[in-house]
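Let me begin by presenting the structure, written as structure tokens, before commenting on it.
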Amino acid sequence: MGSGTRLKILEALAMKRPVVTTSIGCEGLAVSHGESALIADEPVAFARQVIDLLRNEELRQRLTRTGYDLVREQYDWSVVHQRVEEAYESIRKRVFRQRVDTVHQGRRDPLMAELR
């Protein structure tokens, strides 16, 4: 069972730790099996991924590097902040266009009437 945001995975990647997780554990995150994390859903497969990670220095280094890069490129606060700003700006423009359309159609804008 899994729910909520997957902050533990993002924190581990940000701390340059390779991650083994389940598909539910990383649901909603842009991680890719073999690129930024190892993903396995069955207990035996999960254990194999952990053992492979422990035995393979090159794999650990690659997952560490690409996982960290993923966090910096997609989940860093400066990136998230920019996305939120863009979403707010998009909403603001849409509301403004709707108000202009309302005025051009000769109807009263209820919000503008409340402000008077």
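The values are calculated or read from the model by the stated rules, or taken from the named source; none is laboratory data. The model shown is predicted, which means the values in this text are computed figures rather than measured ones. As a convention, Cβ positions derive from the backbone with ideal geometry for all residues, glycine included, and neighbour counts pool all protein chains shown. Heavy atoms of the whole protein, side chains included, go into the accessibility calculation; ligands, DNA and RNA do not. Shrake-Rupley method; radii C 1.70, N 1.55, O 1.52, S 1.80 Å.
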> When Lys and Arg each count +1 and Asp and Glu each count -1, what net charge do the other residues less than 15 Å away from residue 91, Cβ to Cβ, add up to?
Replying inline: +3
> At a 1.4 Å probe, what is the % contribution of carbon and sulfur to the accessible area of region 7-63?
Replying inline: 54 percent
>> If amide hydrogens are placed 1.01 Å from N in the peptide plane, which non-local residues have theirs closer than 5 Å to the one on residue 19?
In response: 38
> How long is the gain from residue 74 to residue 93 if the chain were fully straight, where each residue apart is worth 0.36 nm and the alpha carbon distance is subtracted?
Replying inline: 4.3 nm
> Ordered by packing density, taken as the mean number of other Cβ atoms within 10 Å over each peptide's residues, highest first, how do 41-48, 56-63, 29-36 rank?
Replying inline: 29-36, 56-63, 41-48
> Pulled fully out, how much extra length does the chain show between residue 30 and residue 47, if you take 0.36 nm times their separation in residues and subtract their Cα-Cα distance?
Replying inline: 3.9 nm
